[in-house]
1. Leaving out ligands, DNA and RNA but keeping every protein chain, what accessible area does ARG27 have, in Å² rounded to the nearest 10, with a 1.4 Å probe?
2. Looking at this model, which pairs from LYS19/LYS99; LYS76/LYS99; LYS41/LYS118; LYS41/LYS99; LYS19/LYS54; LYS19/LYS41 are more than 21 angstrom apart at the alpha-carbon?
3. What's the extension gain from ARG68 to LEU101 if we count 0.36 nm per residue and subtract their Cα-Cα distance?
4. With a point put 7 Å past each Cα toward its Cβ, work out how far ASP23 is from THR80 in nm, to one decimal.
5. How do VAL65, VAL73 stack up against each other in accessible area, from largest to smallest, with a 1.4 angstrom probe?
Amino acid sequence: INKLRLNQLGLYGRDKEQKILLDCLDRVIGAHEAASVKKTKETVFLGGFSGVGKSVLAHSLRMPVDSRKGAFVTGKFEHTAGHEPFRGIAAACRELCGKLLMEPDENQQKIRQEILDKLGGEGSNDLLSLLLSVIP
């Protein structure tokens, strides 16, 4: 039996939105590739009604991110999930942690130290406590 699977057809009619996301990727990863460019950090949130293609649009970045040795993670905010305001962010952080655990030990230690340095050191920051409570 032949079945039409719409999710396998790809992304259509979202060229403008896809270009915006790829430009964002260029600003973030390009800054790390070029020493003369100031480092930038960006967070992207996609919004819209169910079934409009947000996930497909987001996943269209997976290959460009992976090809540039980035870490592609996603998290969904589901209105049916109740009152979990950080659910999507926590899911993305857990996915990132899973990817980091696949790194060699020396890379893990380096990343751990960078995170602690950015947050102000171990035990000295409420943000670190919040992150550890959200991301088991």
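1. 110 Å²
2. On the way: LYS19/LYS99 26 Å; LYS76/LYS99 18 Å; LYS41/LYS118 13 Å; LYS41/LYS99 19 Å; LYS19/LYS54 14 Å; LYS19/LYS41 18 Å.
Going by Cα-Cα distance, LYS19/LYS99 fall outside the 21 Å limit.
3. 10.0 nm
4. 3.6 nm
5. Details: VAL65 15, VAL73 45 Å².
Largest accessible area first, the residues go VAL73, VAL65.
The values are calculated or read from the model by the stated rules, or taken from the named source; none is laboratory data. Everything numeric in this text was worked out from a predicted model, so none of it was measured. Glycine gets a Cβ as well: all are built from the backbone with ideal geometry, and neighbour counts include every protein chain shown. For the accessible areas, the whole protein counts, side chains as well, though only heavy atoms, and no ligand, DNA or RNA atoms are used. Shrake-Rupley method; radii C 1.70, N 1.55, O 1.52, S 1.80 Å.
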